[in-house]
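Below is one structure; the comments refer to it alone.
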Amino acid sequence: RDERNQSIIVSGESGAGKTVSAKYAMRYFATVSGSASEANVEEKVLASNPIMESIGNAKTTRNDNSSRFGKYIEIGFDKRYRIIGANMRTYLLEKSRVVFQAEEERNYHIFYQLCASAALPEFKTLQLGNANYFHYTKQGGSPVIDGVDDAKEMLNTRQACTLLGISDSYQMGIFRILAGILHLGNVEFASRDSDSCTIPPKHEPLTIFCDLMGVEYEEMAHWLCHRKLATATETYIKPISKLHAINARDALAKHIYANLFNWIVDHVNKALHATVKQHSFIGVLDIYGFETFEINSFEQFCINYANEKLQQQFNMHVFKLEQEEYMKEQIPWTLIDFYDNQPCINLIEAKMGILDLLDEECKMPKGSDDTWAQKLYNTHLNKCALFEKPRLSNKAFIIKHFADKVEYQCEGFLEKNKDTVYEEQIKVLKSSKFKLLPELFQDEEKILSPTSATPSGRMPLSRTAVKPAKARPGQASKEHKKTVGHQFRNSLHLLMETLNATTPHYVRCIKPNDFKFPFTFDEKRAVQQLRACGVLETIRISAAGFPSRWTYQEFFSRYRVLMKQRDVLSDRKQTCKNVLEKLILDKDKYQFGKTKIFFRAGQVAYLEKIRADKLRAACIRIQKTIRGWLMRKKYVRMRKAAITIQRYVRGYQARCYATFLRRTRAAIIIQKFQRMYVVRKRYQCMRAATIALQALLRGYMARNKYQMV
């Protein structure tokens with residue numbers, strides 16, 4: 001109606017139902033609008049869900065189908081508001097889950113789907129087995145989700161891939177890489193001494209990994225246990241300890257998975273790409289919810305940072321901008337207090353904030369999690385009310401988020417922010433004979449884009465979330481130095497710009513309880529969530545405020561149909577005032593600002609109903625007139641046709657009658673002459689007979705007379 005792009009922002013805590021709500025919204029658009037072509041684009045849009053869930057969702061202690069990445073899907077429409085395509089942006093995949101899961105948690109669904117389908121003939125070459133056999137899928141001790149059949153889910157994933165144009169050969173390539181990651185996790189190292197290690201000869205998991213990846217066993221075994229160091233003058237190869245080798249193996253597995261994830265997102269976007277010009281779009285944001293666990297690390301920090309930004313966007317839209325506009329328009333208003341989380345965001349992203357200090361520590365040659373923690377304490381402790389230090393730890397910090405206090409463990413922050421993977425291992429993979437694998441790394445030498453992990457293996461963001469300029473010589477190496485935190489901050493800013501450029505709509509998902517129990521409602525927990533995400537203040541401001549507003553020109557253009565000609569004045573403002581006073585008798589239901597008219601809840605709907613009724617009456621009148629005109633035209637046409645038919649029929653009948661008369665006259669004449677002929681013939685016969693009789697009689701009489709004489 002308003003000719004503006006829309007965004008639906010689905011938010012809530014982890015496990016509150018955001019992913020399902022986003023799927024329902026997308027299903028609604030697909031059902032209502034349909035597609036602009038026979039390509040069934042809306043089916044493809046919906047088919048992206050099972051694929052992205054299988055590779056990006058996992059079971060956590062709070063949620064059996066938790067999104068471990070954020071996604072923003074733009075559904076494109078043409079001028080007739082039919083779906084023509086879509087585009088997906090992804091944010092911060094939780095790569096660490098590939099190699100580690102906490103107790104009662106699972107790796108990404110796709111791994112368990114593969115293991116459940118291991119008996120299929122086409123999967124025999126992958127040499128898979130039970131999920132409990134693989135190190136990367138058994139750590140959580142919970143390989144099965146109640147009520148979920150992983151083998152059936154694999155069928156759904158494959159069908160969705162086929163619908164999106166990912167061929168069977170590419171699908172098998174994807175499964176081959178995923179199986180290789182599982183086998184890589186089972187590779188074991190034996191210590192030679194404290195600074196070096198080795199892999200047992202003909203180690204079965206590594207042999208299977210190399211066969212699946214199409215790389216040389218000796219090369220991969222060598223570079224898993226060694227690294228290359230380059231100095232200003234020379235390059236030399238250095239053995240690494242068992243612990244470093246395990247970390248390098250895990251970093252490689254995470255890097256392969258992240259690049260595969262990006263490759264699949266790219267192919268999904270290509271399948272959903274619009275072939276015609278996009279007129280407008282509706283964006284659906286499904287992003288990870290606020291999280292707090294027993295141990296919170298870098299991933300939870302980034303997730304909660306994203307939720308702070310989304311909460312700020314909500315506050316800006318609903319509270320700050322709303323109340324500022326009332327002040328600017330000089331509407332009588334009493335300010336409503338709300339929680340402003342800008343100080344918390346400043347603590348995280350401002351200069352000398354947590355991310356800034358983390359990036360600075362990553363650049364230090366001997367930087368560590370401990371020294372970074374000390375810098376945090378020195379910079380923020382007792383200076384920022386939202387930052388605290390735990391009593392019994394020097395390696396953790398507490399942030400007071402809008403939803404709750406969260407204690408973060410500093411261990412692993414630096415490594416995850418840098419998240420390095422050894423270049424030599426990547427080179428081995430690039431030399432693979434397996435066609436798909438080099439494709440995953442073909443952009444490695446190019447300038448970093450937000451969805452492509454670099455040789456340093458950073459977490460992927462969205463390929464479309466950041467649009468870098470063309471690379472200049474020497475620029476790529478500079479780009480490679482960007483940390484995960486830096487990239488994530490940039491992509492969040494761009495996401496906020498996109499959301500602010502559209503009309504946002506909010507879906508707040510409320511979690512009924514923390515134990516994943518059905519039909520169990522914890523009232524205190526629900527109220528806590530409502531209060532934390534600003535819903536209670538939203539209700540207050542909606543009840544007291546004016547949620548709808550029009551400029552005077554917009555109001556005039558929209559509701560001109562409700563005005564009579566004599567109501568229209570040259571002064572638009574006065575015209576609108578005069579009309580509103582007639583339409584809405586209660587003057588408390590609206591307010592006139594300097595440039596806009598403000599309406600309380602429900603008033604625009606009331607005006608829309610009056611407008612719709614007026615348009616309906618006008619429509620009926622137009623229909624009546626048009627139908628009368630059409631029927632009249634039809635009648636005139638039928639009358640003209642009837643007269644023409646009558647004329648021809650009467651002419652035909654007259655001609656037939658004339659012919660009948662001519663034939664009748666001819667028959668009479670024929671009858672007359674025939675009868676005359678018959679009568680004359682009979683007369684002549686009778687005359688001749690009479691004359692003959694007379695002659696005979698007269699002769700007889702004459703003879704008798706003569707004889708008597």
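Points worth noting:
- Under the convention that each Lys and Arg Cβ holds +1 and each Asp and Glu Cβ holds -1, the size of the dipole of the chain around its Cα centre is about 10440 debye.
- For segment 123-233: rounded, prolate or oblate by the Cα gyration tensor [a/c cutoff 1.5]: prolate
- Subtracting the Cα-Cα distance of Val527 and Thr162 from 0.36 nm times their residue separation leaves 127.0 nm of extension gain.
- For Gly12, residues with placed amide H under 5 Å, excluding near neighbours: Phe290, Cys509
- Measuring nothing but how far apart in sequence close Cα pairs (under 8 Å, 6+ apart) lie, relative to its length, the chain scores a relative contact order of 15 percent.
- Computed FRET value (nearest 0.05) for Asp340 with Lys79, which takes r as the C-beta separation and R₀ as 35 Å: 0.30
- Working from label points 7 Å from Cα in the Cα-to-Cβ sense, the Lys435 to Ala543 distance is 6.5 nm.
- The magnitude of the dipole of segment 60-137, with charges of +1 and -1 set on the Cβ of Lys/Arg and Asp/Glu and taken from the Cα centre, is near 440 debye.
- Here the 3J(HN,Hα) profile of segment 137-150, calculated from phi with Karplus coefficients 6.51, -1.76 and 1.60 at θ = phi - 60°, is 10, 10, 5, x, x, 9, x, 10, 9, 4, x, 10, 9, 5 Hz, Gly and Pro shown as x.
- Taking amide H as placed 1.01 Å from N in the peptide plane, the amide H of Asn63 sits under 5 Å from none that are at least 5 places away or on another chain.
- Distance between segment 280-302 and segment 56-73 - C-alpha centres, whole angstrom: 9
- Surface composition of the chain: carbon and sulfur make up 56 percent of the accessible area, probe 1.4 Å.
- Local electrostatic count, Phe599, Cβ distance below 9 Å [Lys/Arg +1, Asp/Glu -1]: +3
- Residue separation of Tyr28 and Phe673 scaled by 0.36 nm, minus their Cα-Cα distance, works out to 222.6 nm of gained length.
- Unit charges at the beta carbon, dipole of segment 1-98: most positive-side option, Ile55, Ile73, Val98: Val98
- Pairwise centroid distance, computed over Cα atoms, of segment 544-587 with segment 331-381, Å: 48
- Amide H within-cut-off set for Gly283, under 5 Å, with H built and near neighbours excluded: Gln6, Ser7, Ile8, Ile75
- C-alpha center-to-center spacing [segment 619-695, segment 121-188] in angstrom: 94
- Treating r as the C-beta distance of Gln330 and Val20 and R0 as 25 Å, the FRET efficiency rounds to 0.05.
- Dipole-positive endmost among Val20, Gln574, Met220 within the chain (Cβ charges, Cα centre): Gln574
- On a per residue basis, the chain carries 53 Å² of accessible surface, using protein heavy atoms and a 1.4 Å probe.
- Calculated FRET efficiency, Phe100 to Leu569, Cβ-Cβ distance, R0 = 60 Å: about 0.25 to the nearest 0.05.
- Segment Val276-Gln707, extension gain: residue separation times 0.36 nm, minus the distance between their alpha carbons: 141.1 nm
- Per-residue 3J(HN,Hα) values for segment 387-404, derived from phi via the Karplus relation 6.51 cos²θ - 1.76 cosθ + 1.60 with θ = phi - 60°, read 10, 9, 10, x, 5, 10, 8, 10, 10, 8, 8, 10, 10, 8, 7, 5, 8, 5 Hz in sequence order (x marks Gly and Pro).
- Highest mean packing comes first when the peptides 534-543, 648-657, 170-179 are listed by Cβ atoms within 10 Å, giving 170-179, 534-543, 648-657.
- In sequence order, segment 343-352 has phi-based couplings of x, 5, 5, 4, 4, 7, 10, 6, 4, 6 Hz under the Karplus curve 6.51 cos²θ - 1.76 cosθ + 1.60, θ = phi - 60°, and Gly or Pro positions carry x.
- Relative packing of 44-57, 422-435, which averages over residues the other C-beta atoms within 10 Å, highest first: 44-57, 422-435
- When +1 charges are put on Lys and Arg Cβ atoms and -1 charges on Asp and Glu Cβ atoms, the dipole computed for segment 561-668 relative to its Cα centre reaches about 960 debye.
- Taking the charge dipole of segment 265-333 about its Cα centre, with +1 at Lys and Arg Cβ atoms and -1 at Asp and Glu Cβ atoms, the residue from Ser280, Cys302, Val268 reaching farthest to the positive side is Ser280.
The values are calculated or read from the model by the stated rules, or taken from the named source; none is laboratory data. Remember, it's a predicted structure, so these values are computed and weren't measured experimentally. A quick note on method: Cβ atoms are made from the backbone with ideal geometry, for glycine too, and the neighbour counts reach across all protein chains shown. For the accessible areas, the whole protein counts, side chains as well, though only heavy atoms, and no ligand, DNA or RNA atoms are used. Shrake-Rupley method; radii C 1.70, N 1.55, O 1.52, S 1.80 Å.
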